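Contents: one structure, followed by commentary.
The values are calculated or read from the model by the stated rules, or taken from the named source; none is laboratory data. Keep in mind the model is a prediction, meaning the values are calculated, not measured. For neighbour counting, all protein chains shown are included, and Cβ atoms are generated from backbone atoms with ideal geometry for every residue, glycine included. Heavy atoms of the whole protein, side chains included, go into the accessibility calculation; ligands, DNA and RNA do not. Shrake-Rupley method; radii C 1.70, N 1.55, O 1.52, S 1.80 Å.
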Amino acid sequence: MAIPIKYNIRSVLVRRTGTFMAILSVAATVAVFVSVLALAAGLESAFTATGDKLNLIVIRQGSQVESNSSLEREQTQTIKYLDGIAKDSHGEPLASPELLVLVMLPRAGGEKAHVLIRGISSAGFVLRPQIKLVEGNMFRSGVRDVIVSRTLAKRFAMQIGQPLKIEGGTVWTITGLFDGNGSAYDSEIWTDINSLMDEFHRTSYSSMLLRTSSESAGVAIAKRIDDDKRLKLQAINEVEYFQSQTKAAFPIKVLGYFIAIIMSVGACFAAMNAMYASVAYRSKEIGTLRVLGFKRRWVLLAFVIESVFLAIVGGVVGCLLALPVHGISTGTMNFSTFSELAFQFRITPGMLGAGILFAAFMGAFGGFLPALMAARRPIVQSLRA
């Protein structure tokens with residue numbers, strides 16, 4: 001015969017102080033756990049939400065990222081006319097040679113960080129339909145105009161019409177803001193490719209973005225570029241290229257799990273302390289339950305359930321405490337490009353479920369030893385306490 005659940009609920013309500021401390025400890029641990037997962041998920045989402053399966057990024061062989069690559073003009077002309085490249089309404093290949101430059105800019109708080117400026121051709125926006133100009137005007141060709149990601153503009157206190165000073169004291173004008181739709185492009189500044197090449201005295205491009213007519217055509221084109229010994233280039237699917245950069249989230253995940261484990265030890269001890277106090281306070285009740293015919297295993301189960309119940313309540317409270325961080329914009333360094341990477345905290349239902357399961361585990365682990373002590377205590381000893 002099992003002990004009624006209402007017995008555990010009443011016992012929890014009687015010991016308000018111990019119950020509150022145990023719930024608070026678990027809630028704090030779960031809040032940190034979920035927040036760190038949201039941070040890592042937002043960072044990963046910035047990369048996994050970027051790209052089109054029909055697009056190829058062409059960079060130099062041996063390069064890992066666009067900013068460390070170099071393509072000559074002759075190479076881009078050879079590539080853009082390969083069979084399988086999609087064409088626009090005018091019959092021109094959908095290809096955008098691009099240049100990436102790393103510059104140092106001050107954040108809103110005053111400290112400086114590296115930011116990527118991307119020079120694109122007229123096809124650059126066609127190849128990225130998810131990027132939308134949301135405020136102001138497009139940059140003009142041949143002029144020192146730039147458009148800035150709306151997310152990046154907030155972090156660096158940039159406004160439309162504001163001058164943008166970059167290396168060498170050159171002043172550019174911010175003409176508009178664009179929305180990168182949560183992609184890695186939310187961390188960039190865009191301008192005309194020719195203006196950027198003239199400003200930094202570059203004669204070669206960093207990369208080239210291509211639209212293929214189909215996925216099978218993309219595979220064939222990538223193989224042809226990779227195998228051409230004269231070009232010494234490699235073509236990577238755009239989605240796969242950005243997914244390979246999700247390794248930037250790994251150190252944050254490791255740190256987050258480490259902090260959560262340390263805090264969970266404290267939460268387990270808090271739950272254990274609360275349950276030991278409960279066992280000591282309810283010694284006569286335990287003896288009475290045994291006299292009434294409840295077996296040791298039911299006493300053990302009752303106290304474990306009580307501990308898990310407290311932990312789950314703490315887990316729910318912790319999830320509620322973590323919810324406000326959802327959607328908050330933040331940033332870190334992209335360890336692949338060594339530039340600013342802007343992203344948003346992203347909490348999912350799966351994270352909340354993981355937080356509550358984590359809390360239940362802490363409750364079961366912290367409550368088992370006190371429950372075992374209660375179950376093993378002799379009836380006479382319990383009644384005399």
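Worth a mention:
- Residues whose amide H lies under 5 Å from that of T50, counting only those 5 or more places away or on a different chain, are A184; hydrogens are built 1.01 Å from N in the peptide plane.
- Principal axes of the range 305-385: Cα extent on each, largest first, Å: 70, 24, 19
- Dipole magnitude for the range 57-169: about 480 debye, using +1 per Lys or Arg Cβ and -1 per Asp or Glu Cβ, origin at the Cα centre.
- Shown in residue order for the range 44-59 are the 3J(HN,Hα) couplings computed by the Karplus curve 6.51 cos²θ - 1.76 cosθ + 1.60 at θ = phi - 60°: 5, 4, 4, 8, 6, 8, 9, x, 10, 5, 8, 8, 10, 9, 9, 9 Hz (x for Gly and Pro).
- Of the GluC sites (Glu not before Pro) in the range 98-181, those whose Cβ has at most 12 other Cβ within 10 Å and which sit in DSSP loop: E111
- S307, S121, ranked by accessible area, largest first (probe 1.4 Å): S121, S307
- The phi-based Karplus calculation (6.51 cos²θ - 1.76 cosθ + 1.60; θ = phi - 60°) puts the 3J(HN,Hα) values of the range 182-195 at x, 8, 5, 5, 5, 10, 10, 10, 10, 8, 6, 4, 5, 5 Hz, whole numbers, x for Gly and Pro.
- Exposure rank, largest accessible area first [W298, W190; 1.4 Å]: W298, W190
- Structure-derived Cα Rg over 2.2 N^0.38 Å: which label, when the choices are [x] 1.01; [y] 1.41; [z] 1.09: [y]
- Given charges at beta-carbon only (K, R positive; D, E negative), |dipole| of the chain in Debye: 2680
- Where D198, D226, D186 fall by accessible area, highest first, once all protein chains stay in place (1.4 Å): D198, D226, D186
- Converting phi to 3J(HN,Hα) with the Karplus coefficients 6.51, -1.76 and 1.60 and the offset θ = phi - 60°, the range 124-137 yields x, 6, 4, 6, 10, x, 6, 8, 10, 7, 9, 9, x, 10 Hz in sequence order, with x at every glycine or proline.
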